[in-house]
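Novice: The following block contains the structure, expressed as structure tokens.
The values are calculated or read from the model by the stated rules, or taken from the named source; none is laboratory data. Values in this document were obtained by computation on a predicted structure and should not be read as measured data. In this analysis, Cβ positions are derived from the backbone assuming ideal geometry, glycine residues included, and neighbour counts consider all displayed protein chains. For the accessible areas, the whole protein counts, side chains as well, though only heavy atoms, and no ligand, DNA or RNA atoms are used. Shrake-Rupley method; radii C 1.70, N 1.55, O 1.52, S 1.80 Å.
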2 protein chains.
Amino acid sequence: MSENAFNKDCRKDVRAVHDAMDVLNGKWKISVIAVLCYSKERRFSEILSDIEGISNKMLSKELKELESDRLVKRTVLDTQPIAVSYELTPYGKSLKEVIMHLARWGSEHRQHIIG
Amino acid sequence: MSENAFNKDCRKDVRAVHDAMDVLNGKWKISVIAVLCYSKERRFSEILSDIEGISNKMLSKELKELESDRLVKRTVLDTQPIAVSYELTPYGKSLKEVIMHLARWGSEHRQHIIG
């Protein structure tokens with residue numbers, strides 16, 4: 001493959017990876033999506049308990065950004081007291097494969113570090 | 001799936017995704033790995049030109065971290081002037097599938113935003 005062809009191909013994919021990471025940036029966003037991959041819908045308090053170490057404030061910030069990026073849908077439930085549930089949009093669900101591969105690599109990685 | 005079983009399964013995978021993102025954190029690391037996925041080995045200046053927007057200082061920081069995480073191998077070449085090349089370790093190459101899925105999602109995402 002000539003250097004130019006390499007550059008063109010490589011740059012296109014590197015930019016695509018960069019685009020993906022622009023949306024998924026930050027330490028928690030991918031974990032929130034991973035939780036929602038597992039359930040039809042999840043309440044704020046449930047997501048908070050599913051992700052070790054995330055703060056209330058950080059979770060609401062990440063959910064707001066995911067909502068504005070149209071990856072997550074927020075529904076206000078007609079309950080007493082009022083509750084809010086979150087689910088992946090069809091577009092958000094398109095991340096399932098990426099999440100699955102990250103999870104697989106992450107668990108193999110843990111073995112690699114622990115040895 | 002009972003709530004407990006859900007929690008156990010979900011938490012294990014969410015932690016695995018979190019472990020993966022701990023290694024791949026930051027805006028540029030995945031782009032550096034993506035470039036090295038494409039080539040047997042790449043020089044510093046070549047990587048710098050392959051990734052739009054990354055600074056010299058940031059690239060050397062990310063390469064140092066990737067080296068200490070044993071994802072990248074650094075080789076000093078016996079040339080005049082001396083040059084340094086970088087390549088993925090076998091362990092680093094285990095990220096190829098994650099990178100491929102991120103690139104695919106990223107390019108579809110670009111269509112989704114541009115509409």
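Novice: Expressed as a whole number of Å, what is the distance separating the alpha-carbon centroids of the range B:46-69 and the range A:49-76?
Specialist: 31
Novice: Still on this structure, I have one more. Looking down the axis that turns B into A, which residue of B has the closest beta carbon, and how many Å out?
Specialist: B:H101, 3
Novice: Ranked by accessible surface with a 1.4 Å probe, highest first, in what order do A:S55, A:S68 come? Mind dumping the intermediate values first?
Specialist: Details: A:S55 55, A:S68 85 Å².
Heavy-atom accessible area, descending, gives A:S68, A:S55.
Novice: In chain B, what is the count of Lys pairs whose alpha carbons are under 23 Å apart, counting only pairs at least 8 residues apart or on separate chains?
Specialist: 28
Novice: Then there's this: Tell me which residues come under 5 Å, amide H to amide H, from A:A83 once H is placed; ignore anything under 5 positions away on its chain.
Specialist: A:L77
Novice: In the neighborhood of A:W28, defined by Cβ-to-Cβ distances under 12 Å, what is the net charge if each Lys or Arg adds +1 and each Asp or Glu adds -1?
Specialist: Residues close to A:W28 contribute a combined charge of -1.
Novice: Loop-only trypsin sites (Lys or Arg not before Pro) in the range B:15-115, please: DSSP not H, G, I, E or B, and at most 12 other Cβ atoms within 10 Å. Mind showing how you got there, number by number?
Specialist: On the way: sites: B:R15, B:K27, B:K29, B:K40, B:R42, B:R43, B:K57, B:K61, B:K64, B:R70, B:K73, B:R74, B:K93, B:K96, B:R104, B:R110; in loops: B:K27, B:K40, B:R70.
Here the sparse-neighbourhood loop sites are B:K40.
Novice: Also, I was wondering about something else. Give the dimensionless ratio obtained when the Cα radius of gyration of the range A:27-114 is divided by 2.2 N^0.38 Å. Don't jump to the answer; show the numbers that get you there.
Specialist: On the way: Rg = 13.9 Å, N = 88, 2.2 N^0.38 = 12.1 Å.
In units of the globular-protein estimate, the range A:27-114 measures up at 1.15.
Novice: Please go through the range A:1-105 and write out the GluC sites (Glu not before Pro) that DSSP classes as loop and that have at most 15 other C-beta atoms within 10 Å.
Specialist: Details: sites: A:E3, A:E41, A:E46, A:E52, A:E62, A:E65, A:E67, A:E87, A:E97; in loops: A:E41, A:E52.
Qualifying residues, ordered by number: A:E41, A:E52.
Novice: Rounded to the nearest 500, what is chain A's calculated 222 nm mean residue ellipticity when only DSSP H runs of at least 4 contribute -39500 (n - 2.57) each, over all residues? Each step should come with its number before you reach the end.
Specialist: Values: 6 runs with 74 residues, N = 115.
Mean residue ellipticity, 222 nm, calculated: -20000 deg cm²/dmol.
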